[in-house]
Structure formats: structure tokens, C-alpha cells
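The values are calculated or read from the model by the stated rules, or taken from the named source; none is laboratory data. Keep in mind it's a predicted model, so treat the numbers as computed, not measured. Note that we place each Cβ from the backbone using ideal geometry, even for glycine, and neighbour counts take in every protein chain shown.
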Amino acid sequence: MNIDNLKDITKLDREDMLDLLVSFPKQCKDALFIGEHSSLVTSYKKNYANIVFTGLGGSAIGADVIKGYVGGEISIPIFVNRTYAMPHFVNRETLVFAASYSGNTEETLSAYADAKKRQTNVVAITSGGKLKDLALKNKDMLIIIPKGYPPRCALGYSFIPALTTLSKLGIIKDKKEEIKNAVRFLNNLQGKKLASSVKGRANVAKNIARKIRGKVPVIYASDKLGSVATRWRGQIAENSKTLASSHVFPEMNHNEIVGWVHPKNVLKNFVAIVLRDKEDCARVKKRMDITVSILKRSKFSVLELESEGKSPLERILSLIYTGDFVSFYLSILNGINPAPVDRITYLKKQLAK
């Protein structure tokens, strides 16, 4: 398949995921409107000891982004929960965000029930389903987001309304202007470096997709950008149907770096992708430089990508948006439709029996 040929793309992209990617900046703008116009439950305005986001997959990645984005300015801990029960420390002093795009994610519904038993304040983020019904019944704060998206394509809806809620509660500073600026920035980035109409070497995402085709990508980033590495891994798995791995600096320097030796016949098909940011810790930057040199000296392929943009939000989203396009173009190169996730669908049906 030729990813510079729109006809080849549309043959495979039968659910038009490309349009969902193109419209992501607008989704972020719409998500800001939703967040600003969601009614805050008056009783929620109080001090909290901690914040827990509970969700899975595409509904949880927004929480990871929030944690990486505001973790340095927030005065209380943020925890991202991806299982059936709440952490033991959760109590009535905890603010809980329960996110399920469908509203029927069984782990999230179970964790929600656990949170209610502990008398926590819950903010439910969903397009409908059982979570919506429970939130209405229990008079929780409810943020309704649009239906019709694959959950992984609803990132703007999963994190921007939560950001605005944290701002309304006085937990973080108002992010409205940063979000608006990020929307403009993403539109510009897409038009110049990511869109299907941008051909050849000018398209950053296409270049990376071509280089990792037929290989196992291992995505590395600083701990601060761990959510971005996680997003790349998830998108490559779901959209490209390609196994990927991710890890963070400096932790990978204390274990995984030694693993790039065996099995040699397998590792020859691995490629490292190092995601960088200008505000990475100086020591982490040096670790990245040394790690890249070690891998290159051992004849491994290494791709490096620097974030773009002025604000931290712009830079985080620049890497995420590029990764989303990479996973899309890789799916086309692999000759597959990026939208279906048949094994997830099958798994859910089996669990429902």
C-alpha cells in the first residue's frame, strides 16, 4: 500500500479513522466547551487528600496525560487505577474520576461501586450506559461526552473536561487559554507534518511508520512523558495490530538496557523510539544520549523524536498526535483496517457469558 495515495488509504480505512485524527483539534475545542458547561456539584468544593482516576484503555489514557501535565503543580497525589477495586487508601477525602467511554466497562463499574461504598465524591465521564444511569441515580457530577467514537479516538473528551473540573475545584490553575493555544498548534502541526496530503520526507508520521514497518517498536520517554510512551504503545497495538513495548527513563537504565542482547535473531527486528522534550531533567537527557549511543553501537535502529510547541500541553500533545498518525499510517502499510479490535470484542463477549 502507498500511504501517499489517498485512494489506497480509503480502501482500508473503511470507518474513516483518518477523519477522526484530522478532527482531533476540533474535538479538543468541543471538549473544552463540554467541560466549562458541565455543572459542578456544590458539595464537591472542598479540600481533598488525593485524586484517583479509574478507567481502562482509551478511557484511562486521559488520566495519564493529566498526571504528566499537572503533576508538577498539583499539591496532592494523583493515582490512576486500572482494575476492579479502589486502592486501599481511598476514602471520603478522595476525589474519584470514573471514566468509561461506553459506560459499561466492567472494571470501571466495579471500581465505581467500591468508591461509592467508601463515600467518595465521584465525577463520572461517559457517553452513556450503566455508568451514566448510576451517576444520575447517586447524584454524582456527570460529564456526558459524545457517542460514536472508538474510545481510543476520544482522548480530548477523556482528559479536557476533567482538567476543567479540577480547575473549577481550585485544585489546578485555569487551563482554558493553554488548551485554546494547543488547538491552534495541533491544527498547524497536522497541516505541515502529519496530514495525508503531506507527502515524502516532509511527513514525520509517515517517515516513522515506514521505518518501523515489520519491526517491533520499543518506545522510551522520560518518566514525565510516560503517558505519551504508553499512548504510542496502545495506539500501535490497536490501530496497527502490531506488538509494541514501552518503558521510561531513568528506570530502563537500571534493567531493560541490559536486555538488548538476546535473543539475537529476534532483537534484529526491534527498533527503539526515543521521545524527547526540552524540559526533560538534565541528567535524564544525558542518560538518553548515552543509551542511544549504546544501542547504535550495537547496530540497533534508533529513532528520536523531539516534542514541539511552547507550552507543556502543546509539547505533550505534539508527541501524542504524531504517534496517533504513525499508528494509522502503519496500519495502512500493514494492509489492514485500523478500526476493528476483534480480539477485544471477542474477549468481552466471552466474559459476558
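Of Leu134, Leu142, Leu169, which residue is touching a helix residue (DSSP H, G or I) at 6+ places or on another chain (Cβ under 7 Å), of a type outside the set (S, T, N, Q), modelled with pLDDT under 95 and surrounded by fewer than 23 Cβ atoms within 10 Å (Cβ to Cβ)? Quick ask: steps written out before the conclusion?
Numbers: Leu134 fails: modelled with pLDDT under 95; Leu142 fails: modelled with pLDDT under 95.
Of Leu134, Leu142, Leu169, the one residue that is touching a helix residue (DSSP H, G or I) at 6+ places or on another chain (Cβ under 7 Å), of a type outside the set (S, T, N, Q), modelled with pLDDT under 95 and surrounded by fewer than 23 Cβ atoms within 10 Å (Cβ to Cβ) is Leu169.
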Residue within the range 171-182 that is among the basic types (Lys, Arg), more than 22 Å from Asn337 (Cβ to Cβ) and part of a loop (DSSP other than H, G, I, E, B) present: yes
Single residue of the range 219-257 satisfying the filter (of a type in the set (D, E, K, R) and surrounded by fewer than 20 Cβ atoms within 10 Å (Cβ to Cβ)) that is nearest to Val302 (Cα to Cα): Glu256
Residue within the range 222-231 that is out of contact with any Ser or Thr (no Cβ under 6 Å at 6 or more places or on another chain) and within 30 Å of Asn2 (Cβ to Cβ) present: yes
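A quick yes/no check of all residues on (1) in the same structural domain as Lys241 (by TED's automatic domain parsing); (2) surrounded by 22 or more Cβ atoms within 10 Å (Cβ to Cβ); (3) among the small types (Gly, Ala, Ser):
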position: Leu295; (1), (2), (3): yes, no, no
position: Lys299; (1), (2), (3): yes, no, no
position: Thr322; (1), (2), (3): yes, yes, no
position: Ile344; (1), (2), (3): no, no, no
Residue list for the range 144-196, restricted to those being more than 23 Å from Ile74 (Cα to Cα), under 16 Å from the mean Cα position of the chain (by Cα) and among the aromatic types (Phe, Trp, Tyr): Tyr149
Qualifying residue in the range 79-95 (condition: among the acidic types (Asp, Glu) and either under 20 Å from Ala154 (Cα atoms) or in contact with a strand residue (DSSP E or B) (Cβ under 9 Å, 6 or more places away or on another chain) (or both)): yes
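Out of the residues in the range 310-353 that are assigned to a helix (DSSP H, G or I) and of a type in the set (S, T, N, Q), state the one that is nearest to Val70 (Cα to Cα).
Kept after step one, since they are assigned to a helix (DSSP H, G or I), are these residues of the range 310-353: 312-333, 342-352.
Retained after the next criterion (residues that are of a type in the set (S, T, N, Q)): 318, 322, 327, 331, 345, 350.
Numbers: Ser318: 17, Thr322: 21, Ser327: 26, Ser331: 32, Thr345: 34, Gln350: 38 Å.
Restricting to residues being assigned to a helix (DSSP H, G or I) and of a type in the set (S, T, N, Q), the top hit is Ser318.
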Filter result (free of Cβ contacts under 8 Å to residues at least 60 places away in the same chain and either buried (at least 24 other Cβ atoms within 10 Å of the Cβ) or charged (D, E, K, R) (or both)) within the range 204-217: Pro217
Flag for Pro250 being at pLDDT 95 or above and under 18 Å from the mean Cα position of the chain (by Cα): no
Residue in the range 40-58 that is under 22 Å from the mean Cα position of the chain (by Cα) and at pLDDT below 95 present: yes
Restricting the range 269-287 to residues that are assigned to a loop (DSSP other than H, G, I, E, B) and touching a helix residue (DSSP H, G or I) at 6+ places or on another chain (Cβ under 9 Å), the residue that is surrounded by the fewest Cβ atoms within 10 Å (Cβ to Cβ): Lys278
Test: Ala85 is of a type outside the set (Ser, Thr, Tyr) and crowded, with 16+ Cβ neighbours inside 10 Å: no
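Going by what's in this entry, would Lys348 be described as modelled with pLDDT under 95, of a type in the set (D, E, K, R) and not assigned by TED's automatic domain parsing to the domain that holds Val70? Spell out the reasoning first.
Values: modelled with pLDDT under 95: yes; of a type in the set (D, E, K, R): yes; not assigned by TED's automatic domain parsing to the domain that holds Val70: yes.
Yes, satisfied.
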Search result, residues across the range 34-51 that are surrounded by 13 or more Cβ atoms within 10 Å (Cβ to Cβ) and either under 18 Å from Asn181 (Cα atoms) or free of Cβ contacts under 8 Å to residues at least 24 places away in the same chain (or both): Ile34, Gly35, Glu36
Checking Trp260 against (1) under 26 Å from Asn2 (Cβ atoms); (2) surrounded by 15 or more Cβ atoms within 10 Å (Cβ to Cβ); (3) touching a residue at least 24 places away in the same chain (Cβ under 8 Å), the condition it does not meet: (1)
